[in-house]
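Got a structure here, written out as structure tokens. Questions coming.
Rule-based calculations on the coordinates, nothing more; no lab input. Predicted, not measured: the structure shown is a model, and the values here were computed from it. Here the Cβ positions follow ideal geometry from the backbone for every residue, glycine too, while neighbour counts run over all protein chains shown.
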Amino acid sequence: MALPVAFFALFFAWPVAAIVARGLKADGVWQWGRIAEVVTQPDIRHVLWFTTWQALASTALTLLLALPAAYVFARLDFPGKQVLRAVVTVPFVLPTVVAGSAFLALVGHGGLLDELWGVRLDTTVWAILLAHVFFNYAVVVRTVGGLWSQLDPRQEEAARMLGASPLAAWRKVTLPALAPAVAAAALMVFLFTFTSFGVVQILGGPTFSTLEVEIYRQTSEVFDLSTAAVLTLVQFAAVGAILAVHAWTVRRREAALRLVDPGATARRPRGAGQWALLAGVLVTVALLLVLPLAVLVRRSLDAPGFGYYRALTNADGGTFLVAPVHAVWTSLQYAVAATTIAVVIGGLAAAALARRDAGRLVRGFDALLMLPLGVSAVTVGFGFLIALDKPPLDLRQSWILVPLAQALVGAPFVVRTMLPVLRAVDARLREAAAVLGASPWRVWREVDLPMVRRALLVAAGFAFAVSLGEFGATVFIARPDNPTLPVAVARLLSRPGDLNYGQAMALSTILMVVCAAALLLLERLRTDRTGEF
Amino acid sequence: MQNKTFVAVAVGLGLITLSACGSTDAKSSADSKSVTLVSHDSWAVSKNVLQDFEKKTGYKVHVLKDGDAGQAVNKAILTKDNPQGDVFFGVDNTLLSRALDNGLFQPYTAKGLDKTGAAFQLDKDRHRVTPVDYGDICVNYDKKYFADHRLTPPQTFADLAKPQYKNLLVTENAATSSPGLGFLLGSAAQFGDDNWQGYWKKLKANGVKVVDGWEQAYYQEFSGSSEGRKAGGDRPLVVSYASSPPAEVIYAKKRPGTAPTGVSYGTCFRQIEFAGLLGNAQNPKGAKAFIDFLVSREFQEDMPLNMYVYPVVQGAKVPAEFTEYGKAAEHPETMAPGKIAANRDQWVKSWTSLVLK
């Protein structure tokens with residue numbers, strides 16, 4: 001437990017506290033009065049209101065579109081299901097810059113819809129909402145679908161036998177059992193959309209601003225650190241509240257249900273209703289998830305003979321000091337380092353949280369571990385700059401800074417994946433092994449490890465994909481001569497000309513393929529007790 | 001029960017961190033033979049020119065590009081007690097007061113400062129910053145559009161609000177884009193503190209379009225740039241730079257006989273960029289040599305085609321494309337850095353609620 005606590009204290013709590021203190025402390029005195037001043041400004045109130053309602057709307061829309069898919073994945077069996085499950089997960093780990101530009105290519109100026117029907121959705125709130133659905137579809141499908149597939153269908157069938165209509169049986173039997181998972185998924189989606197940054201920045205135009213975007217603007221452009229600090233605290237409070245509710249629903253879910261093997265609950269679709277549902281889900285996935293990605297790939301192939309891909313190996317473009325393809329290698333190295341750190345930190349935290357004698361305090365840490373997901377990357381980035389600047393911890397020039405920041409985002413995923421599995425390991429097995437004379441190391445190696453190995457691999461895979469795609473903090477601290485893939489994409493996008501745009505699309509495609517490959521590998525390993533993502 | 005693993009892993013992680021620190025120390029401990037420049041993403045110099053400097057002085061130059069101009073300044077201020085480099089280039093007159101008031105720089109009178117124009121020396125008394133280049137933020141027009149429609153292109157700020165130019169102008173968000181801010185400051189300088197809001201009301205009624213950044217405005221919305229034409233841009237007026245027309249000529253696939261775009265010289269706002277010796281620099285001697293280099297004739301003449309700006313040193317030659325298609329403005333709007341500092345945030349705020357909301 002000590003190591004994860006130290007890690008989060010040193011690389012998360014301290015930098016964030018340092019930057020907040022820089023903003024809110026004048027002459028050594030905390031200016032708490034600023035909080036009331038800032039949150040009553042009409043502009044800020046407008047931002048708070050927009051942040052909240054767009055998150056609610058995005059969550060509702062995501063649930064509406066993704067719940068049928070959760071059912072389809074849970075209850076229906078059809079060829080290509082594994083591949084499809086990987087496909088819907090790809091957007092979740094894609095960097096927001098890539099997704100943002102994919103959507104721009106679809107609904108923006110000169111985009112596909114513009115060419116076909118003259119419809120433009122960029123700089124409208126619809127583009128933001130649709131992009132949020134694109135990102136979070138998998139959260140609902142995996143969280144709700146995962147549980148749904150393990151609910152015993154015979155309970156619902158029994159209700160039907162006793163005379164309940166299909167709807168009533170679903171409402172009275174299945175829905176109550178699913179409710180905690182739906183709530184957990186909805187809260188996760190709400191958290192991700194409440195703190196949305198890249199999507200709003202790219203698709204929202206100058207009129208829309210979420211809390212996170214406003215923190216970025218206040219810190220990076222207006223340089224009003226005290227307003228930024230207040231907004232950071234507001235976001236902290238909001239995220240903390242969301243996480244507390246989320247932790248509560250998770251505990252309820254773990255507590256009550258008797259689950260069955262998911263392999264036994266899925267059947268081939270029967271009847272017109274199920275076929276129609278399956279078709280509807282496939283069409284939604286095709287239009288909303290696959291189409292933007294396909295547009296991206298097509299644009300990367302616009303130049304004859306893979307011209308954009310070949311241009312990536314050329315260092316003379318001037319955008320970087322190195323050939324853009326170098327970013328692939330850099331990214332992989334960073335992601336491996338970040339994954340190692342995330343797995344070690346997250347794994348240790350999960351092990352500590354899973355112990356039956358863990359107290360309330362430790363359980364509270366469970367929710368705290370999720371906080372890095374909800375804190376503005378620019379706050380962390382600036383915090384790193386001013387907090388980690390003295391020997392022996394002057395890391396500002398060091399390459400390790402990037403993996404550290406990425407691990408902050410990856411570790412929560414590791415914890416969430418490992419925790420349910422670790423909790424399921426029967427303590428008596430360990431005790432039996434110990435009684436038979438095994439050393440603690442051997443107990444771990446021969447009892448725990450075989451049982452959690454798959455979960456560990458899945459967790460590592462997720463941490464890897466998330467690190468690979470992390471943008472917000474990385475763009476802030478990555479060294480210019482060593483850009484990661486998402487940073488290189490963003491920089492190419494900000495440069496003029498077809499060649500740069502095409503290269504950005506080509507790099508995005510490479511990134512997408514790497515993420516998809518990692519996910520497909522995970523699908524093979526997927527243990528059905530693991531995780532919410 | 002799992003103590004040994006904990007220990008093993010902890011040691012492993014410790015080693016990673018230590019090795020990281022080790023490599024850091026090797027890099028950051030400034031040997032006096034290297035000088036680190038902190039700048040924004042637009043910094044560019046020809047390789048051979050920089051090599052000349054390194055050969056002559058014996059310093060190895062490290063460059064740290066630290067985001068766009070605003071971000072780079074803000075980061076430098078936040079880290080000023082323990083700076084990331086020795087010399088900073090790229091603070092302009094709109095942000096100068098922020099840098100000076102926060103004590104970012106220490107005074108240094110560059111060799112060759114006397115050859116720069118007096119109008120560029122905005123810290124004449126204390127020499128904390130040295131002017132390096134300037135540019136003009138001006139409305140550009142699409143020559144073909146105005147020829148096809150038999151319209152005279154607008155020349156002044158006031159022209160832009162006239163009905164014949166309705167729905168033609170695209171500009172940038174003053175809160176997020178430096179040309180956007182420059183255009184706002186230009187209008188404030190032209191119409192005065194009390195009347196610029198009335199001007200923007202007229203512009204809004206005349207259909208001005210606002211986008212977030214210059215790239216989007218120039219490469220997607222503007223009909224005069226080659227990319228904008230391809231993207232189907234339909235605005236023949238854009239807030240850009242006086243040096244944009246030469247770029248259209250130089251980067252064209254087939255070199256046109258004349259620039260496809262022109263500059264409305266009555267709509268210009270002057271931007272001057274400065275360099276300074278960072279307080280607490282580890283190698284002040286090297287930093288000073290580098291500042292001297294920035295105002296040397298060699299660098300000043302290399303600069304225009306790399307960063308699309310004009311030299312501040314009198315007599316420095318500019319490329320023919322610049323004199324032909326993109327001269328600097330003769331009478332641009334200007335504003336004292338102190339006045340900009342006092343009003344910038346308030347003006348941007350009222351501009352935002354006036355134009356965007």
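For a paramagnetic label modelled at 7 Å from the Cα of residue A:287 toward its Cβ, which residues of the stretch A:68-105 fall within the zone defined by backbone nitrogen distances under 16 Å?
A:68-69
Let me ask something else. What does the structure give for A:435-448 when I average, per residue, the other chain Cβ atoms found within 10 Å of the residue Cβ?
Across A:435-448, the average partner-chain Cβ count within 10 Å equals 2.
For the stretch A:424-522, list log₁₀ I(q)/I(0) at each q in 0.15, 0.16, 0.17 Å⁻¹, using the Debye formula over Cα point scatterers of equal strength and ignoring solvent, two decimals each.
Ignoring solvent entirely, the Cα scatterers give -0.72, -0.76, -0.81.
Give the Kirkwood hydrodynamic radius (Å, one decimal) of the stretch A:85-181, defined as one over the mean of 1/r across all pairs of different Cα atoms.
That comes to 16.2 Å for the stretch A:85-181.
Peptide A:200-210: average number of partner chain Cβ atoms within 10 Å per residue?
What the average comes to for A:200-210 is 3.
What are the equivalent ellipsoid semi-axes of the stretch B:23-139, built from the alpha-carbon gyration tensor (square roots of five times its eigenvalues), in whole angstrom, biggest first?
With the √(5λ) rule applied to the stretch B:23-139, the semi-axes are 24, 19, 16 Å.
Take peptides A:34-47, A:187-200 and line them up by average Cβ neighbours within 10 Å, highest first, as a rough protection proxy.
Averaged packing, sorted descending, gives the order A:187-200, A:34-47.
So, one more: Given all pairs of different Cα atoms, what value in angstroms does the Kirkwood hydrodynamic radius of the stretch A:28-79 take?
14.6
Where does chain B land on Rg(C-alpha)/(2.2 N^0.38 Å)?
Working: Rg = 23.1 Å, N = 357, 2.2 N^0.38 = 20.5 Å.
Expressed relative to 2.2 N^0.38 Å, the Cα Rg reads 1.13.
Applying a 10 Å radius around every beta-carbon, put B:109-122, B:128-141, B:270-283 in order of their mean neighbour count, most first.
B:128-141, B:270-283, B:109-122
Report, to one decimal in Å, the Kirkwood hydrodynamic radius for the stretch B:211-357 based on all distinct Cα pairs.
Hydrodynamic radius (Kirkwood, Cα only) of the stretch B:211-357 equals 18.1 Å.
A further question on this structure: Among the listed pairs B:80/B:115; B:162/B:209; B:47/B:327, give every one whose C-alpha distance is greater than 19 Å.
The pairs that break the limit, which is 19 Å between Cα atoms, are B:80/B:115; B:47/B:327.
Please name which of B:169, A:438, B:247 has its Cα lying farthest along the dipole of the protein assembly as shown towards the positive end, using unit charges on Cβ (Lys, Arg +1; Asp, Glu -1) and the Cα centre as origin.
Sorting the options by dipole projection puts first A:438.
Provide the FRET efficiency to the nearest 0.05 for the residue A:45-residue B:166 pair, computing r from the beta carbons and using R0 = 45 Å.
0.85
Any idea what angle helix B:284-294 forms with the longest principal axis of chain B, computed on alpha-carbon atoms, 0 to 90 degrees, nearest 10?
The angle comes out near 30 degrees.
So, counting K/R as plus one and D/E as minus one, what does the shell of residues with Cβ under 9 Å around residue A:23 add up to?
After counting each charged neighbour, the total is +2.
Of the listed peptides B:145-158, A:417-430, A:89-102, A:203-216, what is their order by residue-averaged count of other C-beta atoms within 10 Å, with the highest listed first?
A:89-102, A:203-216, A:417-430, B:145-158
How many Å³ per residue does the convex hull of the Cα positions in the stretch A:43-297 occupy?
About 141 Å³ per residue, rounded to a whole number.
A further question follows. Once you charge only the Cβ atoms, +1 for Lys and Arg and -1 for Asp and Glu, what is the size of the charge dipole of the stretch A:43-297 about its Cα centre, to the nearest 20 debye? Working shown, then result.
Values: 18 positive and 14 negative charges, 249 e Å.
For this selection, approximately 1200 debye.
Once you average over the residues of A:337-347, how many Cβ atoms of partner chains fall within 10 Å of each Cβ?
Counting other chains' Cβ atoms within 10 Å and averaging over A:337-347 gives 2.
Now, a different point. Over the stretch A:43-297, what is the mean sequence separation of C-alpha contacts under 8 Å (at least six apart), divided by residue count, expressed as relative contact order in percent? Intermediate results must be reported in sequence, preceding the final value.
Working: 296 pairs, mean separation 82.3, N = 255.
Across the stretch A:43-297, relative contact order equals 32 percent.
Can you tell which of A:421, A:125, A:506 lies farthest toward the positive end of the dipole of chain A, using +1 and -1 charges on the Cβ of basic and acidic side chains (Lys, Arg; Asp, Glu)?
Value: A:421.
Extending each Cα 7 Å along its Cβ direction at residue A:355 and residue A:248, get the distance between those two points in nm, one decimal.
2.8
Quick one: order A:398, B:42 by neighbouring beta-carbon count within 10 Å, fewest to most.
Ordered from fewest to most neighbouring Cβ atoms within 10 Å, A:398, B:42 come out as B:42, A:398.
Express the relative contact order of chain B as a whole percentage, based on alpha carbon pairs under 8 Å and six or more residues apart in sequence.
Reported as a whole number, the value is 26 percent.
Still on this model: Sorted from largest down, what three extents in whole angstroms do the Cα atoms of the stretch B:141-274 have along their principal axes?
Projected onto its principal axes, the Cα set of the stretch B:141-274 covers 47, 40, 23 Å.
Here's a follow-up. Enumerate the whole-percent occupancy of each 10 Å bin, from 0 to the last occupied one, for all C-alpha pair distances of the stretch B:193-242.
Percent of Cα pairs in each bin: 26, 43, 26, 6, 0.
Could you tell me which of B:293, B:283, B:228 has its Cα farthest along the dipole of the stretch B:223-323 towards the positive end, charges placed at Cβ (Lys, Arg +1; Asp, Glu -1), taken about the Cα centre?
Value computed over the given set: B:228.
With the Cα gyration tensor of chain A in hand, give its eigenvalues times 5 under a square root as the equivalent ellipsoid semi-axes, listed largest first in whole angstrom.
Taking √(5λ) for each Cα gyration eigenvalue gives 35, 31, 25 Å.
Still on this structure: Which value, in debye to the nearest 20, gives the size of the charge dipole of the protein assembly as shown about its Cα centre, when Lys and Arg are +1 and Asp and Glu are -1 at the Cβ?
Charge dipole, the protein assembly as shown, about its Cα centre: 2380 debye, nearest 20.
Order of A:289, A:282 from fewest to most other C-beta atoms within 10 Å?
A:282, A:289
Fewest to most neighbouring Cβ within 10 Å: what's the order for A:470, B:221?
B:221, A:470
Viscosity 1.002 mPa s, temperature 20 °C: Stokes-Einstein D of the protein assembly as shown from its Kirkwood Cα radius, in µm² per second?
For the chosen part, D equals 73 µm²/s.
Among the GluC sites (Glu not before Pro) in the stretch B:290-356, which ones are in a DSSP loop with at most 15 other Cβ atoms within 10 Å of the Cβ? Mind listing them?
Listed in order of number, the matching sites are B:330.
Please sort by residue number the chymotrypsin sites (Phe, Trp or Tyr not before Pro) in the stretch A:371-450 whose DSSP state is loop and whose Cβ has at most 12 other Cβ atoms within 10 Å.
Sites meeting the loop and neighbour criteria: none at all.
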